[in-house]
Amino acid sequence: MQAFRAALLRFADDGSALYDEDGLLVVGPDAQGRKVVRAAGSHAALHGNYPGVRIEHLPGKIIAPGFIDLHVHFPQTDVIGSPAEGLLPWLENYTFPHEARFADAAYARGVASVFLDELQRNGVTTALAFCTSHPHSVDALMEEAERRGLRLIAGKVLQDRHSPDGVRDETEQSLVDTEALIRRWHKKGRLGYAITPRFAPSCSEAQLRGAGELAARYPDTWIQSHVAENKDEIRWARELFPQSRSYLAVYQDFGLMRERAIYAHCIHFDDEDRLLMRDTGAAAAVSPTSNLFLGSGFFDYEGARRIGFRHGLASDVGGGTSFCPFHTMLAAYYVGREGQTKPGLSLSPQNLWWQHTAGAAQALGLEGVVGNLQPGCEADFVVIDPAATPLLARKTANARDLDELLFSLIVLGDDRAIDRVVIEGAAAAAP
Ligand code: GUN
Ligand code: ZN
């Protein structure tokens, strides 16, 4: 067992933050030998219970759950900052040509390593990631994540139509490959597999049907896709699937709406779509930096709250502009402001932080496993330095309460504030 003494942030079941200014986090093996949180709370109350356990004291630092990125494309690490009129020209001019380079397995392995370094530098310890349509792109990412002991979920992209040579796959083979990858990687250590139809317009009916069949045959796999991101995309999806009630309903019609199904964007929804999300247990990966960068629109937080469906935060790199959870939370704050019907503050800092940690875990069906530091959670956490830059140090020193402290980090923080990343109780090597 080992213990860490610092300020300690975690979340209650209702999503509110729990904060101990002088906290103790005790980490040790569970019955399966996995390093988990054994105790969390105030140092004064807990330390007497652990005589002989080595305590590392981190004065001035904050221990917080590792961040979860609910939607990110590892092959788009180098696509960040590619300006386009909107989603469809961005895919055609930058993204598909770039993803075609992942036909080269050595190139894919190189980017996988850079991508995981970036997640780690930014304090992201779990991600739900798209690979490319090339099956070896999944092997490249999974092998590297396994080596680092990360809890990572990823999948081979399915796109058998409306896609250029180099990224387009073949219907039957794509489904055979997906099943082989599920068998190879799903539940191998901390890894998980996500069935990954790119988006309805890039998938034939046969491919979507096959994906839905696999999702039923392997019910604890994840599903990831995109929906209702951009007006032109929606028009196209509606033309291709006129029999479905809405774009989102296409996925329902092919058996792709269930718990552990994570849909990126979910911007242009009506209430029937929101009810479908709620009733199936699917979740939205809200991707504010991407939506602002590509001019896609604003996620309707009020609508999500009113109907009550699961949602959490995502970078959506490379449509998204940053791996940094602080930047994503700040963009979500702006988006929350934009969509407000009543005057007042936007999303609270505690809620923004929850959406990128415990709330994201709930969206993945991994509540109590990652994204929090309650007893039993896997010991993935970050050590935050609230004095990492001169301005951040001034601002956090003057914070009068937890909300002011968290908001200072959200507005002024970046990767410099991530002092250390701990994966399953062990400090991750510096990239
Ligand atoms: N829709 C289909 N593919 C993509 C992608 O790679 N990024 C985003 N943002 N939307 C998509
Ligand atoms: Zn995406």
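Quick check: is even one residue across segment 393-414 open to solvent by less than 60 Å² (accessible area, probe 1.4 Å) and modelled with pLDDT under 95? Among the residues of segment 393-414, not one is open to solvent by less than 60 Å² (accessible area, probe 1.4 Å) and modelled with pLDDT under 95, which makes the answer no. In segment 168-177, the condition of being farther than 30 Å from Gly66 by Cα, touching an Asp or Glu at 6+ places or on another chain (Cβ under 7 Å), not acidic (Asp, Glu) and not in a loop (DSSP other than H, G, I, E, B) is met by at least one residue. Restricting to segment 63-85, count the residues that are open to solvent by 10 Å² or more (accessible area, probe 1.4 Å) and either part of a strand (DSSP E or B) or at negative phi (or both). Count: 7. Taking the numbered list (1) under 16 Å from Ser287 (Cβ atoms); (2) surrounded by fewer than 16 Cβ atoms within 10 Å (Cβ to Cβ); (3) away from ligand 1 (no atom under 16 Å from the Cβ); (4) of a type outside the set (Phe, Trp, Tyr) in turn, Asn122 passes all entries but (2).
Residues checked against (1) within 16 Å of ligand 1 (Cβ to nearest atom); (2) within 28 Å of Leu292 (Cα to Cα); (3) without any contact (Cβ under 8 Å) to a residue 24 or more places away in the chain:
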| site | (1), (2), (3) |
| --- | --- |
| Gln32 | no, no, yes |
| Val37 | no, no, no |
| Arg54 | no, no, no |
| Ile62 | no, no, no |
| Leu88 | yes, yes, no |
| Tyr107 | no, no, yes |
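Within segment 3-26, if we keep just the residues that are of a type outside the set (A, V, I, L, M, F, W, C) and without any contact (Cβ under 8 Å) to a residue 60 or more places away in the chain, the residue that is least open to solvent (accessible area, probe 1.4 Å) turns out to be Gly23.
When you look at Gly155, is it touching a residue at least 24 places away in the same chain (Cβ under 8 Å), open to solvent by less than 20 Å² (accessible area, probe 1.4 Å), within 25 Å of Ala228 (Cα to Cα) and touching a Cys at 6+ places or on another chain (Cβ under 7 Å), yes or no? Criteria met by Gly155. Counting residues in segment 133-152 that are open to solvent by 10 Å² or more (accessible area, probe 1.4 Å), free of Cβ contacts under 8 Å to residues at least 24 places away in the same chain and outside any loop (DSSP other than H, G, I, E, B) gives one or more.
The residues listed here are Ala249, Ala283, Ala261; of these, the one that is in contact with a strand residue (DSSP E or B) (Cβ under 8 Å, 6 or more places away or on another chain), over 21 Å from Asp14 (Cα atoms) and more than 14 Å from ligand 1 (Cβ to nearest atom) is Ala261.
Considering only segment 224-255, state which residues are touching a Ser or Thr at 6+ places or on another chain (Cβ under 7 Å), open to solvent by less than 10 Å² (accessible area, probe 1.4 Å) and either farther than 13 Å from Phe199 by Cα or in contact (Cβ under 8 Å) with a residue 60 or more places away in the chain (or both). Answer for segment 224-255, where residues must be touching a Ser or Thr at 6+ places or on another chain (Cβ under 7 Å), open to solvent by less than 10 Å² (accessible area, probe 1.4 Å) and either farther than 13 Å from Phe199 by Cα or in contact (Cβ under 8 Å) with a residue 60 or more places away in the chain (or both): Gln224, Glu229. Quick check, is Pro29 more than 30 Å from Pro386 (Cβ to Cβ) and open to solvent by less than 10 Å² (accessible area, probe 1.4 Å)? Criteria not met by Pro29.
If we keep just the residues of segment 335-373 that are among the polar types (S, T, N, Q) and not in a loop (DSSP other than H, G, I, E, B), which is least open to solvent (accessible area, probe 1.4 Å)?
Filtering segment 335-373 for residues among the polar types (S, T, N, Q) gives 340-341, 346, 348, 350-351, 355, 357, 362, 372.
Subset that is not in a loop (DSSP other than H, G, I, E, B): 350-351, 355, 362.
Values: Gln350: 42, Asn351: 37, Gln355: 0, Gln362: 51 Å².
Across segment 335-373, the extreme among qualifying residues is Gln355.
Give the number of residues within segment 341-354 that are out of contact with any helix residue (DSSP H, G or I) (no Cβ under 7 Å at 6 or more places or on another chain) and of a type outside the set (A, V, I, L, M). Walk me through how you get there before you give the answer.
Applying the first criterion (out of contact with any helix residue (DSSP H, G or I) (no Cβ under 7 Å at 6 or more places or on another chain)) to segment 341-354 yields 342-345, 351, 354.
So of that shortlist, the ones also of a type outside the set (A, V, I, L, M) come out as 342-344, 351, 354.
Final tally of qualifying residues: 5.
The values are calculated or read from the model by the stated rules, or taken from the named source; none is laboratory data. Note that this is a predicted model, so its numbers are computed, not measured. With ideal geometry, Cβ positions are generated from the backbone for all residues, glycine too; neighbour counts draw on all protein chains shown. Surface accessibility is based on the protein's heavy atoms, side chains included, excluding ligands, DNA and RNA. Shrake-Rupley method; radii C 1.70, N 1.55, O 1.52, S 1.80 Å.
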